[in-house]
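Below is one structure; the comments refer to it alone.
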Amino acid sequence: MRYDIVIIGGAIVGSSIAYYLREEGFSGSIALIERDPQFAQAATTLSMASIRQQFSIPENIRLSQFTLKLFRRLKEEFGTDADIGFREGGYLILAGEAGLPILKANHEAQIAEGADIVLEDAEQLTRRFAWLSTEGISAGAYGRTGEGWFDAHAMLTLFRKALRDKKIDFITADVTGIARDGNRVTGVKLDNGQTLEAGIVVNAAGPNAGKVAAFARLELPVEPRKRNVFVFEAREKYADMPLLVDPSGIYVRPEGSVYLTGGAEPEEGDGPAAPGDFEVDWPLFEEVIWPVLATRIPAFEAIKSTRAWAGHYDYNTLDQNAVIGPHPEVGNFIFANGFSGHGLQQAPAVGKALAELIVHGDYRTVDCSAFGYERVAEGRAFRELNVI
């Protein structure tokens, strides 16, 4: 079988690319390959499903702003029953004295891009959020609008349903190899014995993107990293709580009648996750997370963990930033990888951008040139400082 475009990875990034290819008028054949059609272990559905504009570089802010605009017109795009449960609860990113210069610099970049983020000192934060302890806090950046959380599975379902009448071939399989002839990839080998000839191959394989690139004899510094999310109950319910990020990296946000928290994985020793390791690291909750929560929100001294899950995300070891666009030498191999935790919120923008690049030859809506592979080849980091 031959396809004009083969997309490896059918979760939110791959589905967004396929969707926008058709929206931009691409009429050729498209195959969307996904090994886990229920998305039980996908980074998309195991994520914290949130969106923010609080990044350190303008390009990341613009990607998320595109998705925010899509959220605002969701029913117009996908139909009157489209709903992803978007709750515009905001982000609150706290900094102590050491982190204050970076917080201020990030805030300046966000304001320059039109984001509705306010920077407040400890006294102002205490007035805004009575439940918050500002011990050791110099300031915080709070997104009043344009930030929050949503239902990741519902968002993915919208895109997947929209693809059903767009002549996309859904293939359930695992990729085991990529054929290459000189400076072109020519096909994709599957674990069911099939080989798909391909005019263009798009790597949207999430945490497995480095492995997929290696099939084409290309280097990509992206590996799966395991992250744990814990659910807990508390006596106090705070309707005004945003997604709060402590200077320690611990985050917490409300989810209906419970709370979600995580961010406890230590930098030291953090490395690639084993492919089948989705076991929850329970000691992180009591030993690392709970003490931080009890300090930052005194009412959380008495909480009860109820359940948890672990997932993998695509961590770019070079600079924790996305790699987007074609390989400079193997031009028909295209990257959409390495989002390092913010892929879900940026997937629609990347789908739109790559569709424009493939169909029209250039970026028109969101310029992703800064995320190109060239920096990887040069070992030149384009670093995002605000990684959560």
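The values are calculated or read from the model by the stated rules, or taken from the named source; none is laboratory data. What you are looking at is a predicted structure, and each value in this text was computed from that prediction instead of being measured. With ideal geometry, Cβ positions are generated from the backbone for all residues, glycine too; neighbour counts draw on all protein chains shown. Accessible surface areas use protein heavy atoms only, side chains included; no ligands, DNA or RNA. Shrake-Rupley method; radii C 1.70, N 1.55, O 1.52, S 1.80 Å.
Summary table
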| item | result |
| --- | --- |
| Residue that is nearest to V366 (Cα to Cα), among those in segment 44-60 that are open to solvent by 30 Å² or more (accessible area, probe 1.4 Å) and under 15 Å from the mean Cα position of the chain (by Cα) | E59 |
| Single match in A173, A204, A216 (criterion: outside the structural domain of L284 (by the TED database) and either in contact with an Asp or Glu (Cβ under 9 Å, 6 or more places away or on another chain) or hydroxyl-bearing (S, T, Y) (or both)) | A173 |
| Segment 1-40, subset basic (K, R) and over 20 Å from the mean Cα position of the chain (by Cα), residue farthest from G206 (Cα to Cα) | R2 |
| Count of segment 194-245 residues which are buried (at least 23 other Cβ atoms within 10 Å of the Cβ), part of a loop (DSSP other than H, G, I, E, B) and out of contact with any Leu (no Cβ under 6 Å at 6 or more places or on another chain) | 3 |
| Inter-residue pairs, beta-carbon under 6 Å, first closer than 23 Å to R144 by Cα and outside any loop (DSSP other than H, G, I, E, B) and in segment 27-53, second at pLDDT 95 or above and open to solvent by less than 20 Å² (accessible area, probe 1.4 Å), 6+ apart | S50/W149; S50/L243; I51/S64; I51/Q345 |
| Options V292, V280; residue that is farther than 25 Å from A381 by Cβ, open to solvent by 20 Å² or more (accessible area, probe 1.4 Å), among the aliphatic types (A, V, I, L, M) and assigned to a helix (DSSP H, G or I) | V292 |
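Quick grid of which residues meet (1) small (G, A, S); (2) open to solvent by 50 Å² or more (accessible area, probe 1.4 Å); (3) on the phi > 0 side of the Ramachandran plot; (4) in the same structural domain as E24 (by the TED database):
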residue: A336; (1), (2), (3), (4): yes, no, no, yes
residue: F339; (1), (2), (3), (4): no, no, no, yes
residue: A347; (1), (2), (3), (4): yes, no, no, yes
residue: V350; (1), (2), (3), (4): no, no, no, yes
residue: L354; (1), (2), (3), (4): no, no, no, yes
residue: D362; (1), (2), (3), (4): no, yes, no, yes
residue: D367; (1), (2), (3), (4): no, yes, no, yes
residue: E374; (1), (2), (3), (4): no, yes, no, yes
residue: E384; (1), (2), (3), (4): no, no, no, no
